[in-house]
Amino acid sequence: MPVKEFRTVVTEKPVLIGPDSKDDNIIFAIESSCDETAAAIVKNGREVLSNVVASQIKTHIEFGGVVPEVAAREHLEAINLVIAQAFEQSGLKAEDITAFAATVGPGLVGSLLVGMNAGKALALAHDKPFIGVNHLNAHVCANFLNTDLEPPFVALLISGGHTQIIEVKSYLEQKIIGETIDDAIGEAYDKVARLIGLPYPGGVNLDKLAQTGNPFAFKLPEAKLQNEYDFSFSGLKTASLQLINKLKKEKSELPKADIAASFQENVSSTLLKKVKKAADSIDAKTIVLAGGVAANSEIRKKFFALRDNGYKIYAPEMKYCTDNASMIASSAYFLAGTMDSLDVEVFSRM
Ligand code: KG4
Ligand code: ZN
């Protein structure tokens, strides 16, 4: 079980953080890497004491996607309110907090700066440690919230920017078994959603529409790759575009629900097949889903069905799938992908 010494910012007093720390660790975390401004307080990496998310969806609908400059400005407007609400919901004060944490990357630099600087300022003002968190590790840690999950397990990280199969050997030891060689799965969802004329945020809207369509209406291709655990979604995206153009010529009305359902069927069966194979290859019986796309109804259904075959399947509650700060606090506690100095800077890519 890991435990690490973090120093308070002003007096440099040592503070032990991690599962082996003798004291309760209460972590206040901030997330602002993309289009949600979030703050949360989590006890010992698992018990959520408050969870506040201010979404920018309404603002970005107008533009059909996230505009980085606009996102950063919105974070700036929301951040103080969100922090105040997180304290209020929990009934705790700054003195009760063991450490402050914030996402430092990957993400939009202007947006990350807002959350990270707020986190550092809180740490400085209250003489507590500051912990910088890697957003991707945090998505995986969302599975620790309100559960008793422990490594080892295989994680499928599916988000707007990433698609990875990760072997999580311990809280700190991870190995990427496979990943996308082009588009991330969330990106593919958002692009195909736009092609069939669905509004931002594409993924969740495509998911809803797919539930009303025939998943076997159209056959879309699956990429063949050298590493059988890698993914490629750019060919699927092009095939979807070609199908849509063909149908537009042939039919008076585009069968949007059938296209959505066929796309979703293709993606969800590819994920299931590859992850199951990867898990079997290392004798792993526990599989966890993580990231915004883990909120997808069909992906969850297909993976949960593996429980009948003796697998343990975890997926975060819906509200912890998409970006939130509770997962950042959990990651800071379990020390997965953390950076422990006030000098840490934001980064846009891995
Ligand atoms: O993890 P996340 O909130 O942000 C990143 O770290 O990227 O993931 C956002 C992605 C977006 O591409 C969004 O369209 C997708 O997750 N998403 C979904 C669903 N809900 C969110 N994709 C498919 N089905 C959903 N239900
Ligand atoms: Zn995310």
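Looking at (1) in contact with a Gly (Cβ under 7 Å, 6 or more places away or on another chain); (2) within 14 Å of ligand 2 (Cβ to nearest atom), find the lone condition where Phe144 falls short.
(2)
Hey, among Tyr189, Tyr229, Tyr200, which residue is modelled with pLDDT under 95 and aromatic (Phe, Trp, Tyr)?
The unique qualifying residue is Tyr200.
Restricting attention to region 168-189, does a residue exist that is assigned to a loop (DSSP other than H, G, I, E, B), within 22 Å of Asn324 (Cα to Cα), under 17 Å from the mean Cα position of the chain (by Cα) and not assigned by TED's automatic domain parsing to the domain that holds Val275?
Looking through region 168-189, none of the residues is assigned to a loop (DSSP other than H, G, I, E, B), within 22 Å of Asn324 (Cα to Cα), under 17 Å from the mean Cα position of the chain (by Cα) and not assigned by TED's automatic domain parsing to the domain that holds Val275.
Among Ala290, Ala279, Ala294, which is the only one that is within 16 Å of Leu306 (Cα to Cα), in contact (Cβ under 8 Å) with a residue 12 or more places away in the chain and within 16 Å of ligand 2 (Cβ to nearest atom)?
Selected residue: Ala294, the only one of Ala290, Ala279, Ala294 that is within 16 Å of Leu306 (Cα to Cα), in contact (Cβ under 8 Å) with a residue 12 or more places away in the chain and within 16 Å of ligand 2 (Cβ to nearest atom).
Can you spot a residue in region 246-259 that is part of a helix (DSSP H, G or I) and in contact with a Lys or Arg (Cβ under 9 Å, 6 or more places away or on another chain)? It would help to see each step written out before you state the result.
In the first step, residues of region 246-259 are kept if they are part of a helix (DSSP H, G or I); the result is 246-250, 256-259.
Restricting the remaining residues to those that are in contact with a Lys or Arg (Cβ under 9 Å, 6 or more places away or on another chain) gives none.
No, because not a single residue in region 246-259 is part of a helix (DSSP H, G or I) and in contact with a Lys or Arg (Cβ under 9 Å, 6 or more places away or on another chain).
Specify the residue that is nearest to Ala260 (Cα to Cα); the eligible residues are those in region 181-190 that are of a type outside the set (A, V, I, L, M, F, W, C) and surrounded by fewer than 21 Cβ atoms within 10 Å (Cβ to Cβ).
Looking at residues that are of a type outside the set (A, V, I, L, M, F, W, C) and surrounded by fewer than 21 Cβ atoms within 10 Å (Cβ to Cβ), I get Asp183.
Out of everything in region 117-135 that is crowded, with 24+ Cβ neighbours inside 10 Å and within 16 Å of ligand 1 (Cβ to nearest atom), what residue ends up being farthest from the chain's Cα centre (by Cα)?
Among them, the one singled out is Val133.
I'm trying to understand the selection: among the residues of region 12-58, which are within 16 Å of ligand 1 (Cβ to nearest atom) and among the polar types (S, T, N, Q)?
Ser32, Ser33, Thr37, Asn51, Ser55, Gln56
Residues checked against (1) assigned to a strand (DSSP E or B); (2) buried (at least 16 other Cβ atoms within 10 Å of the Cβ):
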residue	(1), (2)
Ala155	yes, yes
Ile165	yes, yes
Gly197	no, no
Tyr200	no, yes
Ala217	no, no
Leu220	no, yes
Lys224	no, no
Thr238	no, no
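Can we say Ser268 is outside any loop (DSSP other than H, G, I, E, B), under 17 Å from the mean Cα position of the chain (by Cα), in contact (Cβ under 8 Å) with a residue 24 or more places away in the chain and surrounded by 15 or more Cβ atoms within 10 Å (Cβ to Cβ)?
Taking the combined requirement at face value, the residue does not satisfy it.
Among the residues of region 301-323 satisfying the criterion of being hydroxyl-bearing (Ser, Thr, Tyr) and touching a Ser or Thr at 6+ places or on another chain (Cβ under 8 Å), which is farthest from Arg46 (Cα to Cα)?
Taking region 301-323 and keeping what is hydroxyl-bearing (Ser, Thr, Tyr), we get 311, 314, 320, 322.
So of that shortlist, the ones also touching a Ser or Thr at 6+ places or on another chain (Cβ under 8 Å) come out as 311, 314, 320.
Values: Tyr311: 22, Tyr314: 14, Tyr320: 12 Å.
The selected residue is Tyr311.
Give the residues of region 300-323 that are polar (S, T, N, Q) and within 16 Å of ligand 1 (Cβ to nearest atom), sorted by residue number.
Scanning region 300-323 gives a single hit, Thr322.
Based on what the data block shows, is Ala210 within 16 Å of ligand 2 (Cβ to nearest atom) and either under 30 Å from Thr59 (Cβ atoms) or crowded, with 17+ Cβ neighbours inside 10 Å (or both)?
no
Suppose we keep only residues that are within 25 Å of Ser50 (Cβ to Cβ) and in contact with a strand residue (DSSP E or B) (Cβ under 8 Å, 6 or more places away or on another chain) within region 145-158. Which one would you say is nearest to ligand 1 (Cβ to nearest atom)?
The selected residue is Leu145.
Looking only at region 126-145, count every residue that is within 12 Å of Ile30 (Cα to Cα) and among the aromatic types (Phe, Trp, Tyr) and tell me the total.
Adding up the residues that qualify gives 1.
Go through region 53-98 and give me each residue that's under 30 Å from Val3 (Cβ atoms), out of contact with any Asp or Glu (no Cβ under 9 Å at 6 or more places or on another chain) and among the aliphatic types (A, V, I, L, M).
The answer is Val82, Ile83, Ala86, Leu92, Ala94, Ile97.
Out of Lys58, Lys4, which single residue is of a type in the set (Lys, Arg) and farther than 27 Å from Leu149 by Cα?
Within the list Lys58, Lys4, the selection yields Lys58.
From the list Ser268, Ser262, pick out the single residue that is within 13 Å of ligand 1 (Cβ to nearest atom) and either more than 30 Å from Ala102 (Cβ to Cβ) or not assigned by TED's automatic domain parsing to the domain that holds Gly235 (or both). Give the steps one after another, and end with the answer.
On the way: Ser262 fails: within 13 Å of ligand 1 (Cβ to nearest atom).
Sole residue among the options that is within 13 Å of ligand 1 (Cβ to nearest atom) and either more than 30 Å from Ala102 (Cβ to Cβ) or not assigned by TED's automatic domain parsing to the domain that holds Gly235 (or both): Ser268.
Are there strands (runs of 3 or more DSSP E) fully within region 1-108 with at least 3 residues that are away from ligand 2 (no atom under 16 Å from the Cβ) and of a type in the set (D, E, K, R)? List them. Steps first, please.
Working: elements: 4-7, 14-17, 26-31, 36-43, 47-55, 99-105.
Answer list for region 1-108: 4-7.
Determine if region 209-220 includes at least one residue that is without any contact (Cβ under 8 Å) to a residue 40 or more places away in the chain and over 17 Å from Lys276 (Cα atoms).
no
The values are calculated or read from the model by the stated rules, or taken from the named source; none is laboratory data. The structure presented is a predicted model; accordingly, all values stated were derived computationally and were not measured. Every residue, glycine as well, gets a Cβ built from its backbone with ideal geometry; the counts of neighbours run over all protein chains shown.
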